[in-house]
1. Just to check your reading of the model, which residue among 470, 491 is more than 30 Å from residue 176 (Cβ to Cβ), surrounded by fewer than 14 Cβ atoms within 10 Å (Cβ to Cβ) and either at pLDDT 95 or above or hydroxyl-bearing (Ser, Thr, Tyr) (or both)?
2. If we keep just the residues of region 348-371 that are of a type outside the set (A, V, I, L, M, F, W, C) and under 23 Å from residue 419 (Cα atoms), which is farthest from the chain's Cα centre (by Cα)?
3. Considering only region 526-559, state which residues are hydrophobic (A, V, I, L, M, F, W, C), farther than 30 Å from residue 345 by Cα and in contact with a strand residue (DSSP E or B) (Cβ under 9 Å, 6 or more places away or on another chain).
4. Which is in the same structural domain as residue 259 (by TED's automatic domain parsing) and outside any helix (DSSP H, G or I), of 403, 413?
5. Among the helices (runs of 4 or more DSSP H) contained in region 263-348, which hold 1 or more residues that are in contact (Cβ under 8 Å) with a residue 40 or more places away in the chain, touching a strand residue (DSSP E or B) at 6+ places or on another chain (Cβ under 6 Å) and closer than 23 Å to residue 104 by Cα?
6. What about residue 498, is it in a loop (DSSP other than H, G, I, E, B) and modelled with pLDDT of 90 or more?
7. Within region 528-565, take every residue that is of a type in the set (A, V, I, L, M) and touching a Leu at 6+ places or on another chain (Cβ under 6 Å) and give me the one that is surrounded by the fewest Cβ atoms within 10 Å (Cβ to Cβ).
8. I'd like to check something: does region 424-433 contain any residue that is modelled with pLDDT under 95 and touching an Asp or Glu at 6+ places or on another chain (Cβ under 6 Å)?
Amino acid sequence: MPGCHFFVKPPVSICNFIEIVGVCLGFALALPAKPGRVSFARSIAHSFKRLARREILATISVGILAAVASAALSYFVFHPEPFIHDEFSYLLAADTFAHGRLANPAHPMWEHFETFHVIQQPSYASKYPPAQGLMLAVGQVLFGHPVVGVWISVGLACAAICWMLQAWLPPHWALGGALLATSRIVLLGPWVTIGYWSQSYWGGAVAAFGGALVFGAVPRIVRAIRPQGRHSISMAVGLAILANSRPFEGLVAFIPVALLLSRRLPWSKPLTWGRVILPGALVLLPVAGLMVYYNLRVTGNPLRMPYQTHESAYALAPSFVWQDLRPAPDYHHSVMHDFWTGWACEGYLRQRSLDGLVRETIFKLTTVWQFFFGITLTIPLFAIGFAIRERWTQFAALTCGLVLAALCLETGVVPHYAAPITGLLYVLLIQSVRHLHLWRWNGRPSGRVLVNWLGVTYVALIASAIAYATPANDPAVWFRQRAAILDELKTMPEQHLVIVRYAPAHNAHAEWVYNAADIDGAKVVWARDMGAAKNRELIDYFRDRRVWLLEADVSTPQLVSYRDR
């Protein structure tokens, strides 16, 4: 993805070298392994066994570890600043909710403030579902900064994954799987990046939290002689989170759940209705009403999502590969024209041929694979053929396969689109590890030794990521320059209007024009240069503000007085 190189990352060659060497050593040592050797995985499992058996404590511990580790990365390494278009949009949603509003009134000078993934008419709001914005708003309102909401969401996701795995696996394997998932969510990521979910405002953890609640509740409901209402409530809360974070992928992931419940629950018994249907309905019906009301406030239509309003106003490329291009709207700014008619359409156009469709499908699946597994964690998956003999593992594999197939039908995919099935992917992984652990070659415990070395390799991979995680705050990159200018303006006594001018060859992914929810009340307002006459209208509207011009594409962007320039 454009801009992702701004995340700190170890060189790809180093990571690949570590993983390949570790895997090769693992196989080299596994085949001649001597009987009786204790595996790394078993020693770790024994050390965690006492904690793992105390399931509530284990769940809380994993959540706290994930949140604290995310906060430590932010404090010591990243100091996260938004730079992906989507992040600014989610932060607008958070600021809107923090002000006690679902949407902001359309601004009379809205053409100057048009930007990516934000709707301007009939209201001024983010195009995205509200769950991620609500979580960021929690951090903003309670702790003064939305990044705290990111840390909380990561902690909740990892704790929920631990709770989910406890329903699928023996306790010590569940705890080990939860810690493995935590390491990927907090630290590692695709493109060998660091902190993709824990150090950005882009999302992922919220949907993973919702998915883990759903898939943690399902086996508890199905296996119980007398289902507990709290498990039905957990599943309903998870569904509500998915509907408001990743609605399409969440819906696809719930299809196997609905089929399973329809077959396995005794629907003729009052117990099913009283302890499964009723508690879930008491959660989902109010949530559905709030979703309809949210759509009404943002788009003016209770059945029209903000995403649909935005895409019809700006986007040419459809959401799915089988759909046709939309007609090009009349753009007010060349940078938005170039983005939506250029880069945003390229992936879609590549998939219009069979060869391009195959290549893009492989790329989508590879991107998801890199985030959740990588080379080292892929090796145990070769034992999936043995693990899948168990019915619940078959259910997990079917659900994951269905969601991944659905992702391939989307025009573009990044790994957090698969967040609803995060827990299930690690069910498949840990079940495979358990069977690989039992593998014997000529009577030798080869599987234990191989799992041992895969663990060593994975620890080395994490160590390399941490070792290269120091130069994260390069002040020369544009989004840190923007943040520095914003901080400087906030220290001045006046209110400010910054008119941003781009060069003809401007990179649309380096976008400076994003504003707070309350534009008129903001200390700093960012606007697009629209020529002298249009700029004069804007300046007259903000007549009490100090007006600056910023040339964004010079080597070191600086503010100059608009009147002087």
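The values are calculated or read from the model by the stated rules, or taken from the named source; none is laboratory data. As the structure is a computational prediction, the values presented were derived from the model and not from experiment. When we count neighbours, we look across all protein chains shown, and the Cβ atoms used for this are built from the backbone with ideal geometry, even at glycine.
1. It is 491.
2. In this case the residue turns out to be 359.
3. Of everything in region 526-559, those that are hydrophobic (A, V, I, L, M, F, W, C), farther than 30 Å from residue 345 by Cα and in contact with a strand residue (DSSP E or B) (Cβ under 9 Å, 6 or more places away or on another chain) turn out to be 538, 539, 542, 547, 548, 549, 559.
4. On the way: 403 fails: outside any helix (DSSP H, G or I).
Among 403, 413, only 413 is in the same structural domain as residue 259 (by TED's automatic domain parsing) and outside any helix (DSSP H, G or I).
5. The helices (runs of 4 or more DSSP H) meeting that bar are 278-299, 306-314.
6. Considered against the rule, which asks whether it is in a loop (DSSP other than H, G, I, E, B) and modelled with pLDDT of 90 or more, residue 498 comes out as no.
7. It comes out as 560.
8. Checked region 424-433: no residue is modelled with pLDDT under 95 and touching an Asp or Glu at 6+ places or on another chain (Cβ under 6 Å).
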